[in-house]
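Take a look at the structure set out below.
The values are calculated or read from the model by the stated rules, or taken from the named source; none is laboratory data. Here the structure is a predicted model, which is why all the values come from computation and not from measurement. When we count neighbours, we look across all protein chains shown, and the Cβ atoms used for this are built from the backbone with ideal geometry, even at glycine.
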Amino acid sequence: MESKDLKAFVIKEEDKEKIDNGGVPVFYASDDEELEYIAMLMARITDTMVHDLGNGVRILINH
């Protein structure tokens, strides 16, 4: 079974305190629309899946 690798976080700037960078890139967005756009683009570029944690944080995972 393959392991799932965390590739990046995408969060709004106002939510910086919600994550403790564990060595993966963090992309900051100014609003919800930009958050979705960055997450979508990064998923396409890195061939990953975006998962919404429900608290304003998106993670990109390689499945």
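Scan region 13-27 and report the pairs whose first residue is within 22 Å of Thr46 (Cα to Cα) and whose second residue is surrounded by 10 or more Cβ atoms within 10 Å (Cβ to Cβ) and aliphatic (A, V, I, L, M), with Cβ atoms within less than 6 Å and a gap of 6+ or a chain change.
Going by the 6 Å Cβ cut-off, the qualifying pairs are Val24/Leu6; Val24/Ala8; Pro25/Ala8; Phe27/Val10; Phe27/Ile38.
Inside region 31-63, can you point out the residues that are assigned to a loop (DSSP other than H, G, I, E, B), closer than 20 Å to Lys4 by Cβ and small (Gly, Ala, Ser)?
Gly54
Looking at the structure I just gave you, is Lys12 surrounded by 15 or more Cβ atoms within 10 Å (Cβ to Cβ) and in contact with a Ser or Thr (Cβ under 6 Å, 6 or more places away or on another chain)?
For Lys12, the condition - surrounded by 15 or more Cβ atoms within 10 Å (Cβ to Cβ) and in contact with a Ser or Thr (Cβ under 6 Å, 6 or more places away or on another chain) - is not met.
Taking Tyr28, is it in a helix (DSSP H, G or I), among the aromatic types (Phe, Trp, Tyr) and modelled with pLDDT of 90 or more? Walk me through how you get there before you give the answer.
Values: in a helix (DSSP H, G or I): no; among the aromatic types (Phe, Trp, Tyr): yes; modelled with pLDDT of 90 or more: yes.
When the stated conditions are applied, Tyr28 does not pass them.
Looking at region 29-41, is at least one residue touching a residue at least 12 places away in the same chain (Cβ under 8 Å), hydroxyl-bearing (Ser, Thr, Tyr) and surrounded by 14 or more Cβ atoms within 10 Å (Cβ to Cβ)?
no
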